[in-house]
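Have a look at the structure below, then the notes.
The values are calculated or read from the model by the stated rules, or taken from the named source; none is laboratory data. Bear in mind that the values here come from a model prediction, so they are computed numbers and not experimental data. Cβ: placed from backbone, ideal geometry, glycine included. Neighbour counts: every protein chain shown.
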Amino acid sequence: MNEAVQSRERILNRIRIGTGSATQDAAQAAAYAALPRGYIRHGLRSADECLALMIERLREYDAEVVECTPEALADTITAQLAASGKHKFVAPPGVPSEWLVTPAWKITGFECDIDHGLTTAEIEQAEGVMTGAFCGIADSGTIVLHHSAAEGRRVLTLLPDWHLCILRASQVVETLPEYFDRCLQPPALVTWISGPSATADIEMTRIKGVHGPRFLHVILVLDQSERLTLN
Amino acid sequence: MSHAANHPVLDPTIAPPFPVAALPVLRNPQLRKNVAHAIDVIQAKRAKLVNEKTDWQALREAGSAIRAHALDHLGAYLEEFETRCTDAGGHVHWAADAAEARQIILDLLRQENASEVIKIKTMTSAEIQLNPFLEAGGVGVFETDLAEIILQLGDEEPSHIVVPALHVNRSQVREIFARRMGLENLSDDPHALTAAARTYLRQKFLKIPTAISGANFLIAETGAVAIVESEGNGRMCLTLPRTMITLAGIEKVLPRFQDLEVMLQVLARSATGERMNPYTSLWTGVTPGDGPQNFHVVLLDNGRSSILSHPVERQTLKCIRCAACMNACPVYRQTGGHAYGSVYPGPIGAILTPQLMQMQHAQSLPYASSLCGACYEVCPVKINIPEVLLDLRAQVVNQERKQGGRFFDPMYLGLRIANLLFSRAWLFHAAQWMGRIGIKLFTGKDGWIHSLPSIGAKWTQTRDLRGLPSQTFHQWWAARPKEAK
């Protein structure tokens, strides 16, 4: 223990000698505030162009994208699940219950376990997962999860091979800095997802699906009225 | 294993000098082809995605300024990180050198009674030679990044910091996997090879409760750690286990969460030529019910703090390990990474490695460059690598000059004489006059010099040298007709 304290002091002391200071001071805050930030903060695209870009980018990553109105969401979810050919799903506890109950469910025989403390083994058994999202970033086709109750624990969107993500148009921003502007507090947990898991480690050939979900499906809910009020 | 004689040495304290270490690669056409192919692919993708970014130079400027600022106030930001991470349930350890870091990690694993550990790719762990130490301590280590599995199972060494197995081609990967995973009928299709790795690791992810990672960024403001990856093996390692140990160089700290808005825009574009890598994860200490419930960060110095006191060299620590410099480097393209005798190859390795070694080893690396400047041009945080290379060369020369044996070294003797001659005009002219007489003795009737003695023969063995004109430039200038002015 004593040795550990010594190492800490030794390192901080070396840094102090190297930089000439090591304690927080007013100059540090002023220097931070003066850092150059001449890059683009806000995109110039219209709301429609921004959504079109988001869809284009997601498709470049081989993600499936469908658009629907808020009223048609439950039916669209059912149609997506049916088209997946999978039956056993999991969903986080904060997913609205109306997403999960449509008459078609009973006919098709879907099973959906809500994650009220599922074990890893149970999640591993699921073929697919359905979640919400915190934000979509059009410039890079990125979906951001903050792992709230509607987005689920991290393991939930990791083990199942098929991820259906429901993203509202009002959640889509154009640039990465615009996403940071939407974070009123720095989040404790974030996963930025840009297309399905991939590798290019063998001869730079891009292979989809190594360990994370191999299939990413996105339902884009066109809640434009909400977006208009936001802008 | 298969060719122990040629096995690359990446420990800078015992690695041969760059020109010697480069020879096996230069004589291996297959290896050069593998390296060139991989680099051409990344370079083309990077160029396309950087060109579409109209604010690229502004992003570089901001990235550089943020990193430089973090280093200027490194002590304060590290303490802030420590406080916030601890508040969030993490444990922060400080390791002054590689040996301390290895011991801290092994002790943590022993507390957990861990007999096996899964790892996310971390070049920092390769820097401190962690794996052999843990294996010797009785802990089985499983790399989970595809490239790292190839290296681990094939007993290969990393040759690049982003795609460490880029020197291995698909048929070599097939051979390694078939042999080590017992899959005789495996094809060399990258899809099949990737699927084999997925199957090989799936049970390990689900069963092994302890993981080790590196860190791309530490956030001082919140105590969070960020990992940038592609495959999802990182997410597996930092979500499923009970215990997570993160090894991070002290220079990895960023002041605020929001600074990622710059770093995440430049990193993937520079590293792999993607707008964004498939997965980036950020976590803060321990989150109840989500992910590892024991979280440790080991902050590693290992020579980094000594770089801070040199104003020119300090910029080396701005590096965010994107590898754009090695992809752009004409020297790396020919030699591959093993020639650099370090886990950090390419231009950044050429400046980082000797400095981490306190200039006591790897002194040949600052010369492993043509100073063309391509590395500086592509660097997303604007590290002026040629400037640091030159400064390190000066340090190496100053070191050598102090060695007694160098006094009679022909090159140093020659340079001292040149220094004497060039700093006094009358001596220069006298030497010139004598030299011209001497040279005339060897000039043939056709005005060419066909053969010179001694050192001069090195030139005339392969080519002729034109004889000197009748006047020197000075003489011609003084004697030229006035109206020609």
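Conditions (1) β-branched (Val, Ile, Thr); (2) modelled with pLDDT under 90, marked per residue:
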position	(1), (2)
B:376	no, no
B:389	no, no
B:392	no, no
B:427	no, no
B:456	no, yes
B:460	yes, yes
B:463	no, yes
B:471	no, yes
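Which residues, counting only those in the stretch A:136-157, are closer than 11 Å to residue A:54 by Cβ and of a type outside the set (Asp, Glu)?
A:136, A:137, A:138, A:140, A:141, A:142, A:143
Please go through the stretch B:225-279 and give me each residue that is of a type in the set (Gly, Ala, Ser), within 11 Å of chain A (Cβ to nearest Cβ) and outside any helix (DSSP H, G or I), ordered by number.
The answer is B:226, B:230, B:232, B:273.
Among (1) more than 9 Å from chain A (Cβ to nearest Cβ); (2) touching a helix residue (DSSP H, G or I) at 6+ places or on another chain (Cβ under 7 Å), which single condition is residue B:288 missing?
Condition not satisfied by residue B:288: (2).
Considering only residues of the stretch B:136-185 that are part of a loop (DSSP other than H, G, I, E, B) and over 24 Å from the mean Cα position of the chain (by Cα), which is nearest to the other protein chains (Cβ to nearest Cβ)?
That would be B:183.
Only one residue in B:451, B:470 is touching a helix residue (DSSP H, G or I) at 6+ places or on another chain (Cβ under 6 Å) and in a loop (DSSP other than H, G, I, E, B), so which one is that?
B:451
Looking at (1) touching a strand residue (DSSP E or B) at 6+ places or on another chain (Cβ under 7 Å); (2) crowded, with 17+ Cβ neighbours inside 10 Å; (3) more than 10 Å from every other protein chain (Cβ to nearest Cβ); (4) among the β-branched types (Val, Ile, Thr), which one does residue B:86 not meet, given that it meets all the others?
(2)
Give the residue that is nearest to residue B:290 (Cα to Cα), with candidates limited to residues of the stretch A:124-146 that are touching a helix residue (DSSP H, G or I) at 6+ places or on another chain (Cβ under 6 Å) and not in a strand (DSSP E or B).
This residue is A:141.
Quick one: is residue B:326 closer than 28 Å to residue B:125 by Cα, assigned to a loop (DSSP other than H, G, I, E, B) and out of contact with any Lys or Arg (no Cβ under 8 Å at 6 or more places or on another chain)?
The answer is no for residue B:326.
If you go through the stretch B:257-302 one residue at a time, how many are in contact with a strand residue (DSSP E or B) (Cβ under 7 Å, 6 or more places away or on another chain) and within 18 Å of residue A:185 (Cα to Cα)?
8
Among the residues in the stretch A:20-34, are any among the acidic types (Asp, Glu), closer than 29 Å to residue B:57 by Cβ and within 12 Å of chain B (Cβ to nearest Cβ)?
no
Quick one: in the stretch B:211-224, of everything that is assigned to a strand (DSSP E or B) and within 9 Å of chain A (Cβ to nearest Cβ), which residue is farthest from residue A:160 (Cα to Cα)?
The selected residue is B:219.
Scan the stretch B:388-403 and give yes if some residue there is acidic (Asp, Glu) and free of Cβ contacts under 8 Å to residues at least 24 places away in the same chain, otherwise no.
Yes, the stretch B:388-403 contains a residue that is acidic (Asp, Glu) and free of Cβ contacts under 8 Å to residues at least 24 places away in the same chain.
Looking at residue B:68 and the list (1) more than 23 Å from residue B:316 (Cβ to Cβ); (2) at the interface with another protein chain (Cβ under 10 Å from one of its Cβ atoms), which single condition is not satisfied?
All conditions are met except number (1).
Picking from A:165, A:135, which residue would you name as being under 21 Å from residue A:68 (Cβ atoms) and surrounded by fewer than 23 Cβ atoms within 10 Å (Cβ to Cβ)?
A:135
Checking residue A:202 against (1) more than 9 Å from every other protein chain (Cβ to nearest Cβ); (2) more than 29 Å from residue B:58 (Cα to Cα), only one condition comes out false. Which one?
(1)
Conditions tested, residue by residue: (1) surrounded by fewer than 23 Cβ atoms within 10 Å (Cβ to Cβ); (2) in contact (Cβ under 8 Å) with a residue 40 or more places away in the chain.
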residue: A:120; (1), (2): yes, no
residue: A:139; (1), (2): no, yes
residue: A:158; (1), (2): no, yes
residue: A:202; (1), (2): no, no
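Looking only at residues that are in contact (Cβ under 8 Å) with a residue 12 or more places away in the chain and within 46 Å of the chain's Cα centre (by Cα) in the stretch B:437-454, which one is nearest to residue B:414 (Cα to Cα)?
For the stretch B:437-454, the residue satisfying everything is B:452.
State yes or no: is residue B:206 facing another protein chain (nearest Cβ under 9 Å), farther than 26 Å from residue B:93 by Cβ, in a helix (DSSP H, G or I) and touching a residue at least 24 places away in the same chain (Cβ under 8 Å)?
Yes.
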